[in-house]
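Undergrad: Starting off with a structure, shown below.
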Amino acid sequence: MAYESRNPYTGKVNKKYEQISNQELDGIIFSASRAFRNWRTYRIEKRQDLLNRLADILEIEKDYHAASITSEMGKPIKQSLAEIEKTVLACRYYADRADEFLRPRRHTSSAGSSLIRFDPQGIVFALMPWNFPYWQVIRCLAPALVSGNAVLLKHASNVPQCAENIENAVIKAGFPTDLFRNLFIDHEQVSRLIKSEHVRTVSFTGSNTAGEKIASVAGGSIKKLVLELGGNDAFVVCNDADLEKAAEALVYGRFQNTGQSCIASKRLFVNEQVYPEFLGLVSGRIKALRAGNPALEDTFTGPLVNLAAVEELERQVKETVDMGAEIIAGGRSGEPGEGFFEPTLLVNVPYDSPLAREEVFGPVLPVFSFKDYDELVFRVNDSRFGLACSVFTSDNKLMEKLAEDIDTGTIVFNNFTSSDPYLPFGGVKESGYGRELSEYGIMEFVNIKTVTTF
């Protein structure tokens, strides 16, 4: 299968890349395995130093890397720069703390005292999506490499230049040859790689459909798997919330990256007492968002990644409107270009409609009202997804209760949800399993080995 870098704003093809052969793939796997055996002997301080060098390179060259993101998947340039800055933060986080996380620990046992080691596993196979093409890779690559593993990357087929740029940055930082390789491979070769005896862990971020297939292959080969899949996250506004602050956070968190984010809030729940006022605040902010050329600094929403994404969004909105929902802001596609979809707000949305039940990967937000606590918790949890939830309230006791009762991997109070290198990130139910980031994330890439001497 061909990898094509196409600018979603201009439609221009930047570059094409050829798929590698099975023979080439087998050679890369063998070389990565050999590189791993050498890399695992490096002192942790050396690994940390190289990771800091990678952070330096990304920081120095951030304008170049940000421009690559914008030209390949249409992210507005200011948001692309913010993505690169976040990848730098993740590199420095693990460069500064890996020795602490991976230091052997003494534990009391029946032998009196035992030792827990954190040893590298081998090759980590990363399959990553296009919507955050640097951040998603780095949050796997940084902890996996610094803990002593090799990493092979199969990136989304529409961001090959970003994948190539990451590989070049790793090489420039001075990491050993073949320790990290970007692969232009097809789906059959993905299965071939997962089944390889040299691959120990698979880290996948993407759609639920693709995740099911990856999980099936990995399970058949008894491979450790980290899955970060879709989301249909709730944003909750209680009657005691700071409405101005909540409206600002909601609009930014939902519509950044043109709504193409698994962790973005995709269902808005507003207490009926403040519903009319809050709806007015949100509607006004949505109508003020600037859409256009993603290369311009004042653009907030750009084109969707491709026309298929526009068509899918049109289907979800149309079917939901046909079921009785009403559009009060936006709703049009095609302006200022065929790849665009207006930031859209809908009310009177049926709970069994596509916008309520499916993951919506674009700038569309359905609104619901609620009366009391029990109704709120039921509606928020009534989803096959469970990635994150945002709640605006000033009631500390309510925060404690919701933190226990909301069934998600993350809950954030008084801000929009986002991933943070310092905190574990992942979901429950069909949003996946395993955790990325923080000390918990690095543990996905090591063998937690018990050493007991009697």
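Undergrad: Just one of the numbered conditions (1) modelled with pLDDT of 95 or more; (2) at negative phi; (3) surrounded by fewer than 19 Cβ atoms within 10 Å (Cβ to Cβ) is not true of Asn348; which one?
TA: (2)
Undergrad: Return the only residue of Leu225, Leu193, Leu250 being part of a strand (DSSP E or B) and either in contact (Cβ under 8 Å) with a residue 40 or more places away in the chain or farther than 30 Å from Ala295 by Cβ (or both).
TA: Leu225
Undergrad: Another question, then. Does at least one position in segment 444-452 carry a residue that is of a type in the set (D, E, K, R), assigned to a strand (DSSP E or B) and over 30 Å from Pro294 (Cα atoms)?
TA: Residues of segment 444-452 of a type in the set (D, E, K, R): 444, 449.
Imposing the further condition that a residue be assigned to a strand (DSSP E or B) reduces the set to 449.
Narrowing the set further to residues that are over 30 Å from Pro294 (Cα atoms) leaves 449.
Yes, segment 444-452 contains a residue that is of a type in the set (D, E, K, R), assigned to a strand (DSSP E or B) and over 30 Å from Pro294 (Cα atoms).
Undergrad: For segment 235-263, how many residues meet the condition of being of a type outside the set (Asp, Glu) and more than 27 Å from Ile77 (Cα to Cα)?
TA: 6
Undergrad: Kindly provide the set of residues from segment 287-314 that are in a helix (DSSP H, G or I) and either closer than 17 Å to Gly11 by Cα or free of Cβ contacts under 8 Å to residues at least 24 places away in the same chain (or both), ordered by number.
TA: Of the residues in segment 287-314, the ones in a helix (DSSP H, G or I) are 287-288, 307-314.
Ala288, Leu307, Ala308, Ala309, Val310, Glu311, listed by residue number.
Undergrad: I want to confirm something. Restricting to segment 22-63 and keeping residues that are free of Cβ contacts under 8 Å to residues at least 12 places away in the same chain and not charged (D, E, K, R), which single residue is nearest to Ala163 (Cα to Cα)?
TA: My answer is Ile60.
Undergrad: Would you pick out the residues in segment 197-212 that are farther than 13 Å from Lys154 by Cβ, surrounded by fewer than 21 Cβ atoms within 10 Å (Cβ to Cβ) and not polar (S, T, N, Q)? Let's see the steps before the verdict.
TA: The initial filter retains those residues of segment 197-212 that are farther than 13 Å from Lys154 by Cβ, namely 197-198, 200-201, 207-209, 211-212.
Checking which are surrounded by fewer than 21 Cβ atoms within 10 Å (Cβ to Cβ) leaves us with 197-198, 200, 207-209, 212.
Hits for segment 197-212 are Glu197, His198, Arg200, Glu212.
Undergrad: Could you list all residues from segment 5-25 that are within 28 Å of Leu145 (Cα to Cα) and surrounded by 15 or more Cβ atoms within 10 Å (Cβ to Cβ)?
TA: Matches in segment 5-25: Ser5, Tyr17, Gln19, Ile20, Leu25.
Let's see how each residue does on (1) within 20 Å of Glu444 (Cα to Cα); (2) touching an Asp or Glu at 6+ places or on another chain (Cβ under 7 Å):
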{"site": "Arg139", "(1), (2)": "yes, yes"}
{"site": "Ala163", "(1), (2)": "no, no"}
{"site": "Val170", "(1), (2)": "no, no"}
{"site": "Gly174", "(1), (2)": "no, no"}
{"site": "Phe180", "(1), (2)": "yes, yes"}
{"site": "His187", "(1), (2)": "no, no"}
{"site": "Thr205", "(1), (2)": "yes, yes"}
{"site": "Ala218", "(1), (2)": "yes, no"}
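Undergrad: Sticking with this one: Return only the number of the condition from (1) hydrophobic (A, V, I, L, M, F, W, C); (2) in contact with a helix residue (DSSP H, G or I) (Cβ under 8 Å, 6 or more places away or on another chain); (3) over 18 Å from Pro76 (Cβ atoms); (4) surrounded by 19 or more Cβ atoms within 10 Å (Cβ to Cβ) that Phe361 does not satisfy.
TA: With (1) hydrophobic (A, V, I, L, M, F, W, C); (2) in contact with a helix residue (DSSP H, G or I) (Cβ under 8 Å, 6 or more places away or on another chain); (3) over 18 Å from Pro76 (Cβ atoms); (4) surrounded by 19 or more Cβ atoms within 10 Å (Cβ to Cβ) applied to Phe361, the lone miss is (3).
Undergrad: Taking Val13 as the residue in question, decide whether it is among the β-branched types (Val, Ile, Thr), in the same structural domain as Leu179 (by TED's automatic domain parsing) and free of Cβ contacts under 8 Å to residues at least 12 places away in the same chain.
TA: The answer is yes for Val13.
Undergrad: Find the residue count for segment 173-196, including only residues that are among the basic types (Lys, Arg) and either surrounded by fewer than 16 Cβ atoms within 10 Å (Cβ to Cβ) or in contact with a Lys or Arg (Cβ under 8 Å, 6 or more places away or on another chain) (or both).
TA: Qualifying residue count for the region: 1.
Undergrad: For residues that are over 25 Å from Glu85 (Cβ atoms) and crowded, with 23+ Cβ neighbours inside 10 Å, tally how many sit in segment 387-407.
TA: 3
Undergrad: Same structure again: What single numbered condition from (1) out of contact with any strand residue (DSSP E or B) (no Cβ under 9 Å at 6 or more places or on another chain); (2) surrounded by fewer than 18 Cβ atoms within 10 Å (Cβ to Cβ); (3) part of a loop (DSSP other than H, G, I, E, B) fails to hold for Ser261?
TA: Going through (1) out of contact with any strand residue (DSSP E or B) (no Cβ under 9 Å at 6 or more places or on another chain); (2) surrounded by fewer than 18 Cβ atoms within 10 Å (Cβ to Cβ); (3) part of a loop (DSSP other than H, G, I, E, B) one by one, Ser261 breaks only (2).
Undergrad: While we're here: Of all residues in segment 382-429, which are under 27 Å from Asp96 (Cα atoms) and either β-branched (Val, Ile, Thr) or more than 21 Å from the chain's Cα centre (by Cα) (or both)?
TA: Across segment 382-429, the qualifying residues are Thr410, Ile411, Val412, Thr417.
Undergrad: Please verify whether segment 151-165 includes one or more residues that are in the same structural domain as Lys75 (by TED's automatic domain parsing), over 17 Å from the mean Cα position of the chain (by Cα) and hydroxyl-bearing (Ser, Thr, Tyr).
TA: Just the residues of segment 151-165 that are in the same structural domain as Lys75 (by TED's automatic domain parsing), to begin with: 151-165.
Cutting the leftovers down to over 17 Å from the mean Cα position of the chain (by Cα) gives us 151-152, 160-161, 164-165.
With the extra rule that they be hydroxyl-bearing (Ser, Thr, Tyr), the set shrinks to none.
No, every residue in segment 151-165 fails to be in the same structural domain as Lys75 (by TED's automatic domain parsing), over 17 Å from the mean Cα position of the chain (by Cα) and hydroxyl-bearing (Ser, Thr, Tyr).
Undergrad: Could I ask something else about it? What number goes with the only condition from (1) in contact with a Pro (Cβ under 6 Å, 6 or more places away or on another chain); (2) of a type outside the set (S, T, N, Q); (3) without any contact (Cβ under 8 Å) to a residue 12 or more places away in the chain that Cys162 does not pass?
TA: (3)
Undergrad: Somewhere in segment 105-118, is a residue in the same structural domain as Lys46 (by TED's automatic domain parsing), surrounded by 20 or more Cβ atoms within 10 Å (Cβ to Cβ), touching a helix residue (DSSP H, G or I) at 6+ places or on another chain (Cβ under 6 Å) and over 22 Å from Thr205 (Cα atoms)?
TA: So far as segment 105-118 goes, no, none of its residues is in the same structural domain as Lys46 (by TED's automatic domain parsing), surrounded by 20 or more Cβ atoms within 10 Å (Cβ to Cβ), touching a helix residue (DSSP H, G or I) at 6+ places or on another chain (Cβ under 6 Å) and over 22 Å from Thr205 (Cα atoms).
The values are calculated or read from the model by the stated rules, or taken from the named source; none is laboratory data. What you see is a predicted model; the values in this text were computed from it and never measured. Glycine also receives a Cβ, built like all others from the backbone with ideal geometry; neighbour counts cover every protein chain displayed.
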